[in-house]
Amino acid sequence: MSMIEMRGLRKDFTVRVKAGRLRREKRIVPAVDGVDLTVDGGEMIGYIGPNGAGKSTTLKMLTGILSPSAGTVSVCGLTPVPQRTRLALQIGVVFGQRSQLWWDLPLRESFALLRHIYRVPPAEHAARLTRCRSLLDLDGFLDTPVRQLSLGQRMRGELTAALLHGPRVLFLDEPTIGLDVVSKQAVRSFLAELGARGDVTLVLTTHDLADIERLCRRLVVIDHGRVVHDGTIDALHDRYGSRRRLVVDLESPLPDGFTLPGASVTAVEADRHRVSFALDTVSAGAAVAALMASAPVRDLSLVEPDIEDVVARLYTSVSGGP
Amino acid sequence: MDRLDARVLTISPSSPFRESVTTFGALAWSGFRRYATYRQATIAGSFTNVVFGFLRCYVLLAVAAAVAGGRPGGYDATQLATYVWVGQGLLSVVALWGWTELADRIRTGDVAADLLRPVPPVTSYLAADLGRAGHGMLTRFGPPLVVGLIFFPLYVPARWYTVPLFAVSVVLAVVASFACRFLVNATAYWLHDARGPIMLWMLSAGVLAGLYFPLRLLPDWLTVTLWVATPFPGLLQTPLDVLVERDGPALQVALVALQAVHCAVLLAVCAAVQRRAERKLVVQGG
């Protein structure tokens, strides 16, 4: 059953730009430009794109706080804007850059208040809170007012707050932004565990691709308001020609005109002593054998394709394109 | 879907009304708790109320002494002193000034979190404000009253129903004040920055609600117009007039009824404005 459906979803913003001393011209800027997307129940999708691509705008339309200019959208079978209050019971939202907790209240009281707001039966609330407390290690700061929490602690509180009413869809807008490595790990493993249970559909926007690699099998890339990729991370590598690289340290400088059949030189460094080859058609074993036969090798390493590189290439190719 | 079914099974015999009351109560309690965190601010605020109470009281008593007959606006000296000291106590209960929370949340985009909850924003802000007022009643109302009692002869109500009627009037004043502040703050939905309207509100509310001087000192036609056409006198002057029994029993009750009408209209306007805002709303920030 599809949990989220978007058909031809658009959002246009009207901006006024200076066009002369006093004159202002209206200009229509499409922030989301015809997005079609279906997300099934239990899926975890990564929704990524460069700054200003339309990620947050899409998320706002999905959660019912922004009306679309055109197209249709349905989440949990509801139309977000007109049925916002009903939808609120079914979804959880975490915005990495803003807080849904009460600044002056300790987490424990915020959670108790959320139980009343969402009208969750006490036993259910207690069970979910106990699980979050152990998984996210909340016990040390449950009685600290939110304003005194560190960013990592607050984010763990935000995640708990978004889950206490048992949402069917969880929207996460940059949940790991600004967190240190340890907190990021904690958030990721919590989300991974959540996804493994399969009862929550998860939509994650982020700039940290490690989040996506760790959590999402499906990746949707959006740029200039349009979906430019929808598929697995492997499909992305295939499509954008990601190749494994062989990095070789040589005893002597690389001779001019050196070639390795089926591979191409991508970088030459350290006075021509260090060379990187992209393995286009040749296997790693054959490439190493051919190299050992023709040049004195001191050291070598094989580098897997990096999602950051692929996405950077994807962003620039789309932005630079017509 | 099985998760939803589970929820239905575990819930006790459901009573939507009781649940709504519980939710409202929990939100009000959160408002109370939030203000209870700032104890030093409470003490400093009370001290300021008391200092200004002396200033206002002496000014009004001087006016009373200078007026022929000693009854400016129909108040005698004890009624005026009571007007001032109870007014100083009520000031932070009705929170005539200084609430910019909604405007700030609209400007920063944090209002998104309010909209993502299953409770309408007007309801949740009203509940929290009643909690805040409850905290104000417990902590800020008493000190100026006690100081007034020590230093001045205060008016003791003669009618048995005056004090309960005063209590009702205060609750209505809090609701009306909340609704006005909500509307002023809600201009931020369109203006992005509500500092102008808030400033205008702060300048006008004190005068028009009868804080600086009782509105009865104005010409009759102006007083009546203000009372009927605007909610301002209902924010402060009405509860005080009710308490000091400035008018006969019929008018005393009628003034509270008028407050109730204003509250109903204001809350309806708040709900309409909020609906309107949600339709055009652009939540700020990425």
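Each value in this text was obtained by applying a stated rule to the coordinates, not by laboratory testing. Keep in mind it's a predicted model, so treat the numbers as computed, not measured. Note that we place each Cβ from the backbone using ideal geometry, even for glycine, and neighbour counts take in every protein chain shown.
Summary of values
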item	result
Structure-based [θ]222 nm, chain A - -39500 (n - 2.57) summed over DSSP H runs of at least 4, per residue, nearest 500	-10500 deg cm²/dmol
At q = 0.07 Å⁻¹, base-10 log of I(q)/I(0) for chain A (Debye sum, equal scatterers on each alpha carbon)	-0.40
Space enclosed by the convex hull of the alpha-carbon atoms of the range A:42-182, per residue, Å³	133
Entries of A:Lys26/B:Lys280; A:Lys26/A:Lys55; A:Lys11/A:Lys55 with Cα pairs more than 22 Å apart	A:Lys26/A:Lys55
Base-10 log of normalised Debye intensity for the range A:243-304 (one unit scatterer per alpha-carbon) at q = 0.18, 0.19, 0.23 Å⁻¹	-0.53, -0.60, -0.91
Cα-only Debye scattering, the range B:39-280: base-10 log of I(q)/I(0) at q = 0.07 Å⁻¹	-0.24
Distance from the range B:213-254 to the range B:22-51 (C-alpha centre basis), Å	28
³J(HN,Hα) computed for each position of the range A:110-117 - Karplus, 6.51 cos²θ - 1.76 cosθ + 1.60, integer Hz, glycine/proline x	4, 5, 5, 5, 4, 4, 6, 5
Distance cut-off 24 Å, percentage of C-alpha pairs in the range A:5-103 lying past it	32
Ranked A:His116, A:His165, A:His273, criterion: other C-beta atoms within 10 Å, fewest first	A:His273, A:His116, A:His165
Cα centre as origin, Lys/Arg/Asp/Glu Cβ charges: the range B:39-280 dipole, Debye	340
20 °C / 1.002 mPa s Stokes-Einstein diffusion coefficient of the range B:240-279, Kirkwood radius on C-alpha pairs, µm²/s	181
Semi-axis lengths (Å, descending) of the ellipsoid that matches the C-alpha gyration tensor of the range B:126-238	27, 19, 14
GNM flexibility winner over chain A from A:Gly198, A:Gly92, A:Gly54 (Cα, springs under 10 Å)	A:Gly198
Charge-dipole axis of chain A as Lys and Arg at +1 and Asp and Glu at -1 on Cβ define it, positive-most pick from A:Val35, A:Phe190, A:Ile212	A:Val35
Neighbouring partner chain Cβ atoms per residue of A:177-190, average, 10 Å criterion	0
Spread of Cα-to-Cα distances over 10 Å intervals beginning at zero, given as percent, for the range A:203-262	16, 36, 18, 18, 11, 0
Equivalent ellipsoid semi-axes, the protein assembly as shown, via Cα gyration tensor eigenvalues times 5, rooted, Å	63, 25, 23
Whole-percent pair-distance distribution, where bins are 5 Å wide, for the alpha carbons of the range A:158-304	2, 8, 15, 14, 10, 10, 10, 10, 9, 6, 3, 2, 1, 0
Angle between chain A longest axis and helix A:307-320 axis [Cα atoms, degrees, rounded to 10]	80
Other protein chain Cβ atoms within 10 Å, averaged over every residue that makes up A:89-102	4
